[in-house]
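Read the structure below first, then the notes.
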Amino acid sequence: MKLKYLVPLAIFAILCVFLAVGLTRDPRQVPSPFIGKPAPAFTLAKLHEPQASFGPEQMRGKVWLLNVWASWCVSCRIEHPVLNDMNRKGIVPIVGLNYKDARADATKWLQQHGDPYQFSVWDIDGKVGIDYGVYGAPETFVIDKQGIIRYKQIGPITPEALEKTILPLLAKLNA
Amino acid sequence: MKRLALALALAASLAAWGQSTEIANPDPKVEARLKTIAHELRCLVCQNQTIADSDAPLAVDLRKQVRVMIGDGKSDEEIRGYMVDRYGDFVLYKPPFNAVTAVLWVGPGLLIVGGFAALALMIRRRREAAVAAPPPDAARQREIEALLAADPDGKSRR
């Protein structure tokens, strides 16, 4: 039987399939261990009102987004028009987590680019960022009415990601 | 000479610029433990570096965090658990054995064992085939020997 000569070819084909699938994956998209878990608690001062503080428990009963941003973050500039647009349409309350930024730089940046946030909180040493497993800005968490993290967008929210993933998820969570 | 000095000064300033504001713990024991732990943790910003090797701001923050936790008397296991809770198994350079990583851990061993098994099978089959070949009968044997004796170097065949 000459069929056995096809074995190496079959192994090669399987290998090709594995490698081809590997090529389509983005190694920067690390699955977050937080999906389906409660949003970690924190208390941070607000960016614009340093005396006032905020913790995620204050958003109980609402579906909301926690968006990690910084004035030094280049991709945040790409994402920002999308957030501004979402805010204009009143799609979902967005809380900003200003990550490792100087207060003056951050407020100036919002003046320049628009402020789509209900408010931002100020995480100067990145401690809350670590608690949320943030490894690059921007990142966005979708948090449901019970305070459970349902989705994490790594990198900017593109119009496509908004349309295909985030809007349907928000509709489901608000239902 | 002056130019060389200038170049050296510039090179030194470049190195300083690349360095972050990281304060090592004065206790060498803490730093030694930090080193062993940090060498097992992946920096998620530059993914093929450990947080011991990387100078990314996140790696600096995580080293700082590990120092704090060592200071709080946390065990290595607790520190690794803290990182896995936040960044997932991917943060470990030595991933744990579970359903997702089983192929990763067992696969190479299976391939080696399978390869050697196939090789052994092939060798045995060839040996059996060699044994199974019928010996030349007596008349043919004599003929061969006669031919060889007549022309020991095989010259007439060239």
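Let's see how each residue does on (1) within 21 Å of A:A39 (Cα to Cα); (2) not in a strand (DSSP E or B):
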{"residue": "A:W72", "(1), (2)": "no, yes"}
{"residue": "A:C76", "(1), (2)": "no, yes"}
{"residue": "A:D105", "(1), (2)": "no, yes"}
{"residue": "A:K108", "(1), (2)": "no, yes"}
{"residue": "A:V134", "(1), (2)": "yes, yes"}
{"residue": "A:V142", "(1), (2)": "yes, no"}
{"residue": "A:E160", "(1), (2)": "no, yes"}
{"residue": "A:L167", "(1), (2)": "yes, yes"}
{"residue": "A:L173", "(1), (2)": "yes, yes"}
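Residues in region B:50-69 include at least one that is free of Cβ contacts under 8 Å to residues at least 40 places away in the same chain, touching a Lys or Arg at 6+ places or on another chain (Cβ under 7 Å) and not in a helix (DSSP H, G or I). For first residues located in region B:108-130 and farther than 23 Å from A:L15 by Cα, partners that are among the aromatic types (F, W, Y) and lie 6+ apart or on another chain with Cβ distances below 9 Å do not occur.
One residue stands out among those in region A:26-56 that are closer than 21 Å to A:L169 by Cα and outside any loop (DSSP other than H, G, I, E, B): the one that is farthest from the other protein chains (Cβ to nearest Cβ), which is A:P56.
No lab work stands behind these numbers, since they all come straight from the coordinates. Please read all numbers here as calculations on a predicted model, not as lab measurements. Backbone-built Cβ (ideal geometry, glycine too); neighbour counts: all protein chains shown.
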